[in-house]
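Colleague: The following block contains the structure, expressed as C-alpha cells.
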Amino acid sequence: MSQSTKLPLYITLATFVLAFVLCAAQYPAMASTRVVANLLTDNAFLGITAVGMTFVILSGGIDLSVGSVIAFTGVFLAVILRETSIHPLVAFALVLLITTGFGAAMGGIIHYLEMPPFIVTLAGMFLMRGLAYVLSTESVPITHEFYDWLQSLYWKAPGGGRFRLTGALMLLTYVAAMIVLHRTRFGQNVYAIGGSAQTAQLMGVPRARTTIGIYAVSGGLAGLAGIVYTLYTSAGYSLATVGVELDAIAAVVIGGTLLTGGSGFVAGTFFGILIMGLIQTYIVFDGTLSSWWTKIVIGGLLFAFIMLQKGLGWATTARIRLLTASDARS
Amino acid sequence: MMKSTLKRVMPQIIILALVLAANVLVFPGFFNIEFQHGRLFGNLIDVLNRGAPTALLATGMTLVIATRGIDLSVGAVMAIAGAVAASAVVGGAHWTLAVLMALAAGAACGLWNGLLVAIFRIQPIVATLVLMVAGRGIAQLLTEGAILTFNDPGLIRLGAGTIAAVPTPIWIWIAVACAVGLVIRRSALGLLIEAVGINQTSSRLAGINARVLLIAVYLVSGLCAALAGVIVAADIKGADANNAGLWMELDAILAVVIGGNSLLGGRFSITASLLGALIIQGVNSLILLSGMPVEFNLVIKALIIIAILVIQSPRVRHSLYLLRASTGPVLRERPKPAPRTPQEEGQS
C-alpha cells in the first residue's frame, strides 16, 4: 500500500535527478553551486506558495487566489513602508495576519455555505487583485535599510553560489509543512478529508475547523511568498505574479499529489518546483529556445504525470481484483 | 414549457434588469440607440457586442458543466484559434478558409480534452488544465511570440463589421446559441447530457453512450471557444497569443454559475447562462459609465459575484425555504431533506 502511494514521489525524484544529470552532461556549468543556489532563490516564492497549495489539494480543494494574494502582499508592503514609518517586521506581521484571515474567511465560506472551492477562491482572486489595484496601479519601489540588510544575508558556497535568506526560508517552510502534515493531528485530518469528507466526518474529524485551517494556511503561505517576492524584486506591483496559481498547481501535480485529494507528499512538490525551475534554467542556458517552450514542456510534463497516476491507479485496482478473484476461488 | 423556462430564468432576468437600471441611473442615455453610418450605436448595443465572446464561451461551458465537468482551456483555445486564423490570412489564404482552419483547431483541442475526460477518465479540471498551460505556449509558437496583425477585410468584418446595421458578433453569438439550444432541447440530447451529469454510472447502465456524449460536449466547447477567439482577433485586427482570451474561462464559468447552473452537473439552461454573460457585461459597463476609478473595477466585480453566489448557495436557499415554510401557511408536503442543486425547482 505504502509502496504504491510513494511510487509517484520516487518517480518525480528520479525525473529530477535524470533531468539534472542530462542537463549537466550537456552544460557542465549547470552543476555549479551558483546555478543550484539560483534555482533555490529564483523559485523561493513559488515554492512557498506550492506548499500551501499542497495542503489545499491534499484536502481535495483548490485555491486560485494565491497569485493575487502575492501581488496584494507586495503592493501592501510597498505602500505601507512608503507612507508610514513602521518597521518592516511589523508590516510583515500585519500582512501575514491579513492574508491568513483572508484565507480563513474563504475556508469559512466554502464550509458553511457549501460552495465549491473553485468558485469561492475565484472570487477571492478577483477581490485580492482588485484591492492591489486600489492601493496602487504603479510599481512601487521598496527602499528601507532593513530590506537591504535582509537582502545582504547570504552564505557564499565554494564555487561562488550565494545561498540567500529566501531560499533558506523556503527549505524551512518545507520542513515545517512535513512535520505538520505527518506528525500532527491537523495534518492527518487534512489527509482524511481529502480521502473522503463524509467518512472523515463520521470518524469525528472536525471538518469546519480543518477546512478553515487549510485555507488559512494557504493564504498565510501566499502572504509569506509575497514577502519573499518583495525581497526578490524590491518592489510591489499589482500586475505581478499573474498565473502563479497555475504554476503552483502544476508543481503539486508533477510532485505526484493526487488532485482528487488524500494522497501525496510535500517533498514531491519540492521536486516538482525544482523540475520546473530546471526547465527554465535549461532554456536560459540553451539560448536558442524561446520562453514559450517552458509552457509547452510544463504542459507535457503535467500530462505525463497525470497519465502516470492513472496508470498506477489502474494497476492497483487490477491487482486488487486479481487478489479478490483468487480469494473467491480458494 | 415556455412558462417553466420563464420561471427558471426569472432570477437572472431580475438581476439583469437591476444591473441595467443601475446603468440608467449613472448614465441616463443608456437605452438611447442611434443609427449612424449604416450601423446602430448605443450602450445597449455595446453590451450585447462586447458580451459576445463570453456568451459564446458560456454556451459551450454550460453543456460541459451540465455533465459535471469543467473546461479551463477555453481561453487558451481562443488564443490558438486567433493565431491560426491570423497566420492563415497572413499566409495568403481566403478568410473563409482561415475561419474554417481556426474552427478545426478548436475542434481538435476539444477532441483532445474530450478524449482525456471520456476515455482516460481524468478529472475534467485536471485534463483541461494541461491544455490551459500548454495552449498559450502553442499559440505563441504559431505567432512566434509577436502580435500577428492582418488586414483582411473579410476576417475583420467578423469582429468589427455589421450585418443589417447590427454588429456581426451579436449575430454570431445569438445564432450559435439558438442552434445549440434547438439541437439540444428539440431532441433528447439535453436530457441525455443531464443524465450523464447527474449519475454517469446509472446513465451508462440505462444505455446512454456517455463517452460519445462527453467527447461531443467538449468538442462543442472547443468550437465555441475557437469562434470567440476569431471574433476577438478580428476585433483588434491581430492575434495576441499572450492576452487573447486571458481569464476568459473564469468569466465563462462565472456566467454559467450566475445562470444558476450547478457546478455539480445535471439540469442546465443555456438561456440562463447567456443572461449571466450579459449580467457580467452589464456590470462591466456600469463600472465604466459610473466614472469610478478603474482600479475599483475588480473589487466591485468580486463583491457583486460574492453577493450573487451567497444568494444562490444551497445553504442560504435552504434556510430561506425553511423560513418561508415556518412563517407561511402549513405545508402539506414534507420539506426536502437537503436541496442538492439550486435549480432543481423550476425548469422542466
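The values are calculated or read from the model by the stated rules, or taken from the named source; none is laboratory data. Predicted model, so just to flag it, every value in this text is computed and none were measured. Don't worry about glycine lacking a Cβ; one is built from the backbone with ideal geometry, like all the others, and counts go over all protein chains shown.
Colleague: Considering only the range B:131-145, I want to know if a residue exists there that is farther than 19 Å from residue A:300 by Cα, basic (Lys, Arg) and within 22 Å of the chain's Cα centre (by Cα).
Modeller: Looking through the range B:131-145, none of the residues is farther than 19 Å from residue A:300 by Cα, basic (Lys, Arg) and within 22 Å of the chain's Cα centre (by Cα).
Colleague: Among all residue pairs at least 6 apart or on different chains, which show Cβ distances below 9 Å where the first residue, located in the range B:21-50, is on the phi > 0 side of the Ramachandran plot and the second is surrounded by 13 or more Cβ atoms within 10 Å (Cβ to Cβ) and modelled with pLDDT under 90?
Modeller: B:38/B:162; B:38/B:165; B:42/B:30
Colleague: Here's something else I'd like to know. Could you list, in sequence order, all residues of the range A:203-230 that are of a type in the set (A, V, I, L, M) and either surrounded by 22 or more Cβ atoms within 10 Å (Cβ to Cβ) or not in a helix (DSSP H, G or I) (or both)?
Modeller: Result: A:203, A:205, A:214, A:216, A:217, A:221, A:222, A:224, A:225, A:227, A:228.
Colleague: Contact list please: Cβ distance under 8 Å, first residue in the range B:294-319 and more than 14 Å from residue A:133 (Cβ to Cβ) and at the interface with chain A (Cβ under 7 Å from one of its Cβ atoms), second residue charged (D, E, K, R) and not in a helix (DSSP H, G or I), pairs at least six apart or on different chains.
Modeller: B:313/A:114; B:314/A:114; B:314/B:340; B:315/A:114
Colleague: Report yes if some residue within the range B:164-172 is surrounded by fewer than 18 Cβ atoms within 10 Å (Cβ to Cβ), without any contact (Cβ under 8 Å) to a residue 60 or more places away in the chain and not in a helix (DSSP H, G or I); otherwise report no.
Modeller: yes
Colleague: Need pairs with beta-carbon distance below 9 Å; first residue over 16 Å from residue A:279 (Cβ atoms) and within the range A:22-40, second charged (D, E, K, R) and surrounded by 19 or more Cβ atoms within 10 Å (Cβ to Cβ); sequence gap 6+ or separate chains.
Modeller: Final answer for the pair search is A:37/A:164.
Colleague: Among the residues of the range B:122-151, what is the count of those that are more than 7 Å from chain A (Cβ to nearest Cβ) and either of a type in the set (Phe, Trp, Tyr) or not in a helix (DSSP H, G or I) (or both)?
Modeller: Number satisfying all stated conditions: 7.
Colleague: Give just the number: which of (1) part of a loop (DSSP other than H, G, I, E, B); (2) out of contact with any Phe, Trp or Tyr (no Cβ under 8 Å at 6 or more places or on another chain); (3) over 23 Å from residue B:154 (Cα atoms) does residue B:15 not satisfy?
Modeller: (1)
Residue-wise test of (1) closer than 30 Å to residue B:99 by Cα; (2) among the acidic types (Asp, Glu); (3) surrounded by fewer than 24 Cβ atoms within 10 Å (Cβ to Cβ).
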| position | (1), (2), (3) |
| --- | --- |
| B:10 | no, no, yes |
| B:16 | no, no, yes |
| B:36 | yes, no, yes |
| B:58 | yes, no, no |
| B:65 | yes, no, no |
| B:69 | yes, no, no |
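Colleague: Pick from B:233, B:272: which is small (Gly, Ala, Ser), over 30 Å from residue B:5 (Cβ atoms) and more than 13 Å from chain A (Cβ to nearest Cβ)?
Modeller: Answer to the check: B:233.
Colleague: Ok, one more. Only one residue in A:315, A:240 is surrounded by fewer than 16 Cβ atoms within 10 Å (Cβ to Cβ) and aliphatic (A, V, I, L, M), so which one is that?
Modeller: A:315
Colleague: Let me ask something else. I want to confirm something. Restricting to the range B:106-121 and keeping residues that are among the small types (Gly, Ala, Ser) and either buried (at least 24 other Cβ atoms within 10 Å of the Cβ) or within 14 Å of another protein chain (Cβ to nearest Cβ) (or both), which single residue is farthest from residue B:61 (Cα to Cα)?
Modeller: Taking the candidates together, the pick is B:118.
Colleague: Out of the range A:151-161, which residues are in contact (Cβ under 8 Å) with a residue 40 or more places away in the chain and surrounded by fewer than 16 Cβ atoms within 10 Å (Cβ to Cβ)?
Modeller: Scanning the range A:151-161 gives A:151, A:157, A:158, A:159, A:160.
Residue-wise test of (1) more than 26 Å from residue A:243 (Cα to Cα); (2) outside any strand (DSSP E or B); (3) more than 9 Å from every other protein chain (Cβ to nearest Cβ); (4) free of Cβ contacts under 8 Å to residues at least 60 places away in the same chain.
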position	(1), (2), (3), (4)
A:118	no, yes, no, yes
A:130	no, yes, no, yes
A:134	no, yes, no, yes
A:149	yes, yes, yes, yes
A:170	no, yes, yes, no
A:173	no, yes, yes, no
A:177	no, yes, yes, no
A:191	yes, yes, yes, no
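Colleague: If you don't mind, another one. Applying the selection to the range A:76-88, what residues are aliphatic (A, V, I, L, M) and closer than 18 Å to residue A:48 by Cβ?
Modeller: Correct list: A:77 only.
Colleague: Now for a different question. Filter the range A:87-98 down to residues that are free of Cβ contacts under 8 Å to residues at least 24 places away in the same chain and touching a helix residue (DSSP H, G or I) at 6+ places or on another chain (Cβ under 7 Å), then give me how many there are. Step through it out loud before you land on a result.
Modeller: At the first step, the residues of the range A:87-98 found to be free of Cβ contacts under 8 Å to residues at least 24 places away in the same chain are A:90-91, A:93-94, A:97.
Applying the additional criterion that residues be touching a helix residue (DSSP H, G or I) at 6+ places or on another chain (Cβ under 7 Å) yields A:91.
Adding up the residues that qualify gives 1.
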